[in-house]
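Worksheet: one structure, shown below.
The values are calculated or read from the model by the stated rules, or taken from the named source; none is laboratory data. Note that the structure is predicted; figures quoted are calculated from it, not measured. Every residue, glycine among them, receives a Cβ derived from its backbone with ideal geometry; neighbour counts consider all protein chains shown. With ligands, DNA and RNA removed, areas are computed over all heavy atoms of the protein, side chains included. Shrake-Rupley method; radii C 1.70, N 1.55, O 1.52, S 1.80 Å.
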Amino acid sequence: MKKSTFLKIAMAFSLILLVSSAFAQINLTIKNADGTNSNAAVVYTIHSSTGAVVVIQTANAGGLATWTPINGSYNYLVRNSGSTQWNAYSVTYSGVVVNATITLSASFNPTLAGATDYVANRTANKVTTGKPMPFWVYPSPVQNPTWTAPAAPKATAASLIANLNSTFAWTYTPAANVTDAHAPTTDNYVELTFTPALALITTTASYELSTVETAAAAYGGCAGQAVKQYVTIINPPYIRISTATTSGTYQVGGTPINHIVAGCAGSIAATNIALAMDNTNEEFPYYTKLDYKVFNATMAAGNNLTLGADITVATMTAFPALDVLGQDAVTHANNTTNPYKMTATPQNLYGAVQTFQMMNNAITVYQFDFQSWNAKISRKCDYVAIRNAAGNETLITDANYTWYNTKWAAGDVIKAYIIVFPQPVTGPIYHIPNSWAL
């Protein structure tokens with residue numbers, strides 16, 4: 001071969017590579033179940049926890065959909081223009097042209113019928129560390145023709161693996177600190193518990209779940225593409241009273257206490273009880289069980305208070321009744337069984353600052369004792385316990401929920417007081433009357 005010819009070929013090949021690199025993309029040819037081109041088929045995903053459909057691309061008249069993502073792994077859903085046939089398409093894109101063909105199925109429908117709990121292709125999936133969570137993958141309908149998608153809430157593993165022909169190989173990245181409570185491990189269902197080391201309250205860990213379906217021998221024993229899901233592991237929720245002092249100036253029964261404010265009646269500045277939820281990866285709403293009481297007290301040496309009887313109920317209208325984001329204060333006065341639902345920041349026990357008054361002309365002590373709490377993600381992660389116990393997740397007092405009461409840091413305050421001292425009521429000054437010598 002002449003040197004000039006070789007150079008021409010080399011230059012042409014380089015140009016091809018250059019052009020290919022410049023126009024790197026995914027070219028997905030979409031076929032209907034009968035093999036015809038699926039014109040106007042839609043490639044989409046379900047975005048974040050909103051469930052909103054995000055259209056990636058619509059196929060042309062030849063059933064070809066072309067788009068260029070950034071590098072990474074993707075799970076897409078694909079449907080025909082009439083929304084009667086679907087399939088799932090997974091791909092890892094690395095800047096190299098991907099040419100693929102996918103055939104839709106009338107049997108596969110990612111929108112589950114009925115009142116089901118499960119959703120697919122969510123990208124903002126959070127799980128509380130140490131809590132078991134179920135995951136399952138929709139098996140290929142061709143190789144599993146009698147398998148039925150769940151149509152009722154709280155679907156169990158037994159219902160999800162019934163009539164399953166294929167086997168599934170699950171892998172987790174990273175592989176450490178993840179366990180599967182379900183057996184056999186070749187089913188389309190797993191029940192995973194993640195226990196990574198989360199050193200800080202806001203530390204998270206990311207896991208990639210991947211499964212590959214292999215058809216039974218009767219269906220050729222073919223292996224499919226890996227389908228992936230991504231999970232972020234977070235710490236449990238934590239609550240602390242951020243406006244309390246830890247000075248230990250006062251005692252109750254000989255034990256130093258934390259107080260929010262202490263002062264004389266009429267001179268205590270208007271105040272509120274502010275809370276901090278420092279695990280910013282947890283989400284609202286928070287549910288808190290608060291033991292809120294008011295006492296008359298006596299003072300002994302060493303600033304040692306002795307609390308008398310609880311006067312909360314008898315004098316509810318006379319002192320600031322709790323008003324958390326507009327909830328009824330009277331019926332929610334003492335919330336050890338009927339917790340407050342906090343839906344947003346700022347997290348204050350009152351809708352507005354309050355002036356705390358003295359009651360019965362005696363030292364008055366307001367006690368705020370956060371006994372337990374949970375929140376949106378932690379409640380979600382009690383799914384397995386509630387499902388297995390046939391509990392009712394609409395009741396916030398359901399015993400199957402996990403209620404937390406541990407502190408993240410030793411100095412966190414979850415019980416604090418407001419102390420109001422009566423002002424002296426002084427009698428008249430006595431003197432010797434002018435008539436004394438008469």
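Values computed for the structure shown
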{"read-out": "Residue in the stretch 356-373 that is among the hydrophobic types (A, V, I, L, M, F, W, C), within 20 Å of residue 126 (Cα to Cα) and open to solvent by less than 10 Å² (accessible area, probe 1.4 Å) present", "value": "yes"}
{"read-out": "Tabulated pairs, the stretch 246-263, first over 15 Å from residue 298 (Cα atoms), second part of a strand (DSSP E or B) and of a type in the set (D, E, K, R), C-beta under 9 angstrom, 6+ apart or interchain", "value": "257/415; 258/415"}
{"read-out": "Test: residue in the stretch 106-115 that is at pLDDT 85 or above and either over 25 Å from residue 391 (Cβ atoms) or surrounded by fewer than 20 Cβ atoms within 10 Å (Cβ to Cβ) (or both)", "value": "no"}
{"read-out": "The stretch 146-175, residues that are among the hydrophobic types (A, V, I, L, M, F, W, C), crowded, with 17+ Cβ neighbours inside 10 Å and not in a helix (DSSP H, G or I)", "value": "147, 149, 155, 164, 168, 170"}
{"read-out": "Flag for residue 168 being in contact (Cβ under 8 Å) with a residue 12 or more places away in the chain, aromatic (Phe, Trp, Tyr), out of contact with any Leu (no Cβ under 9 Å at 6 or more places or on another chain) and closer than 30 Å to residue 412 by Cβ", "value": "no"}
{"read-out": "Tally of residues being under 13 Å from residue 43 (Cβ atoms) and modelled with pLDDT of 90 or more across the stretch 68-92", "value": "6"}
{"read-out": "Residues within the stretch 311-352 that are open to solvent by 50 Å² or more (accessible area, probe 1.4 Å), modelled with pLDDT under 55 and within 28 Å of the chain's Cα centre (by Cα), tallied", "value": "5"}
{"read-out": "Checking residue 262 against (1) touching a strand residue (DSSP E or B) at 6+ places or on another chain (Cβ under 6 Å); (2) in a loop (DSSP other than H, G, I, E, B); (3) among the small types (Gly, Ala, Ser), the condition it does not meet", "value": "(2)"}
{"read-out": "Residue 286 open to solvent by less than 20 Å² (accessible area, probe 1.4 Å), at pLDDT below 85 and within 39 Å of the chain's Cα centre (by Cα)", "value": "no"}
{"read-out": "Among residues of the stretch 222-258, those that are assigned to a loop (DSSP other than H, G, I, E, B) and open to solvent by 50 Å² or more (accessible area, probe 1.4 Å), counted", "value": "8"}
{"read-out": "Among (1) over 19 Å from residue 355 (Cβ atoms); (2) at pLDDT below 95; (3) surrounded by fewer than 16 Cβ atoms within 10 Å (Cβ to Cβ) - the single one residue 209 does not satisfy", "value": "(3)"}
{"read-out": "Residue in the stretch 259-277 that is modelled with pLDDT of 90 or more, in contact with an Asp or Glu (Cβ under 6 Å, 6 or more places away or on another chain) and not polar (S, T, N, Q) present", "value": "no"}
{"read-out": "Condition met for residue 202 (surrounded by fewer than 17 Cβ atoms within 10 Å (Cβ to Cβ) and polar (S, T, N, Q))", "value": "yes"}
{"read-out": "Selection count where residues are free of Cβ contacts under 8 Å to residues at least 24 places away in the same chain and assigned to a loop (DSSP other than H, G, I, E, B), scope the stretch 185-221", "value": "7"}
{"read-out": "Top-ranked residue of the stretch 295-310 - restricted to ones that are open to solvent by 60 Å² or more (accessible area, probe 1.4 Å) and touching a strand residue (DSSP E or B) at 6+ places or on another chain (Cβ under 8 Å), ranked as nearest to residue 262 (Cα to Cα)", "value": "303"}
{"read-out": "Residue 156 at pLDDT below 90, polar (S, T, N, Q) and within 26 Å of residue 392 (Cβ to Cβ)", "value": "no"}
{"read-out": "Candidates 30, 56, filtered to the one that is modelled with pLDDT of 95 or more, outside any helix (DSSP H, G or I), among the β-branched types (Val, Ile, Thr) and on the phi < 0 side of the Ramachandran plot", "value": "30"}
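So that you can scan it fast, the table gives a plain yes or no per residue for (1) surrounded by 15 or more Cβ atoms within 10 Å (Cβ to Cβ); (2) of a type outside the set (Ser, Thr, Tyr); (3) not in a strand (DSSP E or B):
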{"site": "378", "(1), (2), (3)": "yes, no, yes"}
{"site": "385", "(1), (2), (3)": "yes, yes, yes"}
{"site": "395", "(1), (2), (3)": "no, yes, yes"}
{"site": "399", "(1), (2), (3)": "no, yes, yes"}
{"site": "402", "(1), (2), (3)": "yes, no, yes"}
{"site": "406", "(1), (2), (3)": "no, no, yes"}
{"site": "412", "(1), (2), (3)": "yes, yes, yes"}
{"site": "418", "(1), (2), (3)": "yes, yes, no"}
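Table: residues versus (1) touching a helix residue (DSSP H, G or I) at 6+ places or on another chain (Cβ under 6 Å); (2) within 26 Å of residue 222 (Cβ to Cβ); (3) in a strand (DSSP E or B).
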| residue | (1), (2), (3) |
| --- | --- |
| 70 | no, no, no |
| 74 | no, yes, yes |
| 84 | no, yes, no |
| 88 | no, yes, yes |
| 114 | no, no, no |
| 134 | no, no, yes |
| 140 | no, yes, no |
